[in-house]
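Colleague: Here's a structure for you.
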Amino acid sequence: MPFPKLGQAIVAGAVVLALLGSQSHAGSVTGTATYRERIALPPDATLYVELQDISRADAAAVTLAAQRYALNGVPSEFELSFDDALIHEGMTYAVRGAIYRGEELLFTTDTIHPVLTNGEGSSADLILVQAHDQSAATLEGTEWVAIGIDGEVLDAKRPPQLSFAQGGAFGGTGGCNRFTGQAEIIGNSIEFPENMAATLMACPPEMEEIEDQFLAALQSVTTYAVAGDSLVMLDAAGEPVLKFVRNQ
């Protein structure tokens, strides 16, 4: 079968792009972010806002749009642009926000702010709370099950688990092998050691892949936040790399 001529290929490509473009429309969510405490923000504070799909209660939220803003004070306005094709009736969407100073989490939302579907509008006014109010000293004696790694929903029969004892001692399983160690926890900052005591069992390839991803993600964690039965661990850029739910 002969290949189409260059001119025909260009025309065909333009038609396809035009059709795809006609099916995609930009929407936006607007709002404000503030906090109640009478605390001045440091000059390098930033506001990070996300539009997320939170339809699945047993899975990590999926980020559809995100934006970071320089922040001089509150309330601060924000606007998130998204592709309308990502929004579906019957699904649930929410806006979350956080304020950082470098890699340090200062304030974060601890309630759901729904938007777009189920009778909700396209705006949200976020009230953030101090991060240490919800995370300091809350890891001791807790057990968690991983539901997301590096922004991807974790689908595993034996998901990684993590538990904490006093003084930063921790243990868990990557799904196959068990590990223990001592984390350095100061406020909402946390650092896991590079070398952890661990078993060396042979694992099925799919389990080994998840375990390797989980342990690698632990090494990039610098801060954490606890909100109810959810635990999020973030990297130095303030991006969530591990998401957990409490092991009831």
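The values are calculated or read from the model by the stated rules, or taken from the named source; none is laboratory data. Since the structure is predicted, the reported quantities are computational estimates derived from the model, not experimental observations. No Cβ is skipped: glycine too gets one built from the backbone with ideal geometry, and neighbour counts run over all protein chains shown. Calculation scope for accessible area: heavy atoms of the full protein, side chains included, ligands and nucleic acids excluded. Shrake-Rupley method; radii C 1.70, N 1.55, O 1.52, S 1.80 Å.
Colleague: When region 54-107 is examined, which residues are found to be in contact (Cβ under 8 Å) with a residue 40 or more places away in the chain and of a type in the set (Phe, Trp, Tyr)?
Modeller: The answer is Phe78, Phe82, Tyr93, Tyr100, Phe107.
Colleague: Go through (1) surrounded by 12 or more Cβ atoms within 10 Å (Cβ to Cβ); (2) modelled with pLDDT of 90 or more; (3) within 27 Å of Val245 (Cβ to Cβ); (4) not β-branched (Val, Ile, Thr) and name the single condition Glu103 misses.
Modeller: Every listed condition holds for Glu103 apart from (2).
Colleague: Moving on to the next point. Any idea which residue in region 106-117 is most open to solvent (accessible area, probe 1.4 Å), counting only those that are within 15 Å of Val29 (Cα to Cα) and not hydrophobic (A, V, I, L, M, F, W, C)?
Modeller: Restricting to residues being within 15 Å of Val29 (Cα to Cα) and not hydrophobic (A, V, I, L, M, F, W, C), the top hit is Pro114.
Colleague: Identify the single condition in (1) at pLDDT below 90; (2) surrounded by 13 or more Cβ atoms within 10 Å (Cβ to Cβ) that Ile127 does not satisfy, given that it satisfies every other one.
Modeller: (1)
Colleague: Could you tell me whether Leu139 is under 23 Å from Leu106 (Cα atoms), open to solvent by less than 30 Å² (accessible area, probe 1.4 Å) and out of contact with any Pro (no Cβ under 6 Å at 6 or more places or on another chain)? So that I can check it myself, show each step before the final result.
Modeller: Numbers: under 23 Å from Leu106 (Cα atoms): yes; open to solvent by less than 30 Å² (accessible area, probe 1.4 Å): yes; out of contact with any Pro (no Cβ under 6 Å at 6 or more places or on another chain): yes.
Yes; evaluated as a whole, the condition is true for this residue.
Colleague: Can you confirm whether Gly228 is touching a residue at least 60 places away in the same chain (Cβ under 8 Å) and on the phi > 0 side of the Ramachandran plot?
Modeller: Values: touching a residue at least 60 places away in the same chain (Cβ under 8 Å): yes; on the phi > 0 side of the Ramachandran plot: yes.
The answer is yes for Gly228.
Colleague: Follow-up question, since we're still on this one. Return the total of residues in region 184-198 being at pLDDT below 90, loosely packed, with under 15 Cβ neighbours inside 10 Å and assigned to a loop (DSSP other than H, G, I, E, B).
Modeller: 3
Colleague: Here's something else I'd like to know. So in region 164-178, with the set limited to residues that are assigned to a strand (DSSP E or B) and farther than 14 Å from Met233 by Cβ, which one is most open to solvent (accessible area, probe 1.4 Å)? Steps first, please.
Modeller: Our first condition is that a residue be assigned to a strand (DSSP E or B); within region 164-178, this holds for 164, 169-173, 178.
Cutting the leftovers down to farther than 14 Å from Met233 by Cβ gives us 169, 171, 173, 178.
On the way: Ala169: 28, Gly171: 10, Thr173: 18, Arg178: 140 Å².
The selected residue is Arg178.
Colleague: Mind telling me which of the residues Val232, Val226, Val245 ends up being in a strand (DSSP E or B), out of contact with any Asp or Glu (no Cβ under 8 Å at 6 or more places or on another chain) and open to solvent by 30 Å² or more (accessible area, probe 1.4 Å)?
Modeller: Numbers: Val226 fails: open to solvent by 30 Å² or more (accessible area, probe 1.4 Å); Val245 fails: out of contact with any Asp or Glu (no Cβ under 8 Å at 6 or more places or on another chain).
On inspection, the qualifying residue turns out to be Val232.
Colleague: Can you pull out every residue in region 77-93 that is open to solvent by less than 80 Å² (accessible area, probe 1.4 Å) and either touching a strand residue (DSSP E or B) at 6+ places or on another chain (Cβ under 9 Å) or closer than 20 Å to Asp125 by Cβ (or both)?
Modeller: Scanning region 77-93 gives Phe78, Leu80, Phe82, Asp83, Asp84, Leu86, Ile87, Met91, Thr92, Tyr93.
Colleague: Being assigned to a helix (DSSP H, G or I) and either open to solvent by 60 Å² or more (accessible area, probe 1.4 Å) or not assigned by the TED database to the domain that holds Asp155 (or both) is the filter here, so list the residues in region 199-215 that pass it.
Modeller: If we filter region 199-215 for residues that are assigned to a helix (DSSP H, G or I), which is where we start, we get 205-215.
The answer is Pro205, Glu206, Glu208, Glu209, Asp212, Gln213.
Colleague: Which condition number in (1) over 19 Å from Asp229 (Cβ atoms); (2) in contact with a Gly (Cβ under 9 Å, 6 or more places away or on another chain); (3) surrounded by fewer than 21 Cβ atoms within 10 Å (Cβ to Cβ) is the one that Gly151 fails?
Modeller: Every condition holds for Gly151 apart from (2).
Colleague: Pull up region 197-244, narrow it to residues that are under 13 Å from the mean Cα position of the chain (by Cα) and among the hydroxyl-bearing types (Ser, Thr, Tyr), then point me to the one that is nearest to Gly102 (Cα to Cα).
Modeller: Only one residue fits best here, namely Thr223.
Colleague: Check region 150-163 and report whether any residue there is in the same structural domain as Thr222 (by the TED database), in contact with a Phe, Trp or Tyr (Cβ under 6 Å, 6 or more places away or on another chain) and assigned to a strand (DSSP E or B). Show your work before the answer.
Modeller: Restricting attention to region 150-163, the residues satisfying the condition of being in the same structural domain as Thr222 (by the TED database) are 150-163.
Imposing the further condition that a residue be in contact with a Phe, Trp or Tyr (Cβ under 6 Å, 6 or more places away or on another chain) reduces the set to 160, 162.
After this cut, where a residue has to be assigned to a strand (DSSP E or B) as well, the list is 162.
Scanning region 150-163, I find at least one residue that is in the same structural domain as Thr222 (by the TED database), in contact with a Phe, Trp or Tyr (Cβ under 6 Å, 6 or more places away or on another chain) and assigned to a strand (DSSP E or B), so the answer is yes.
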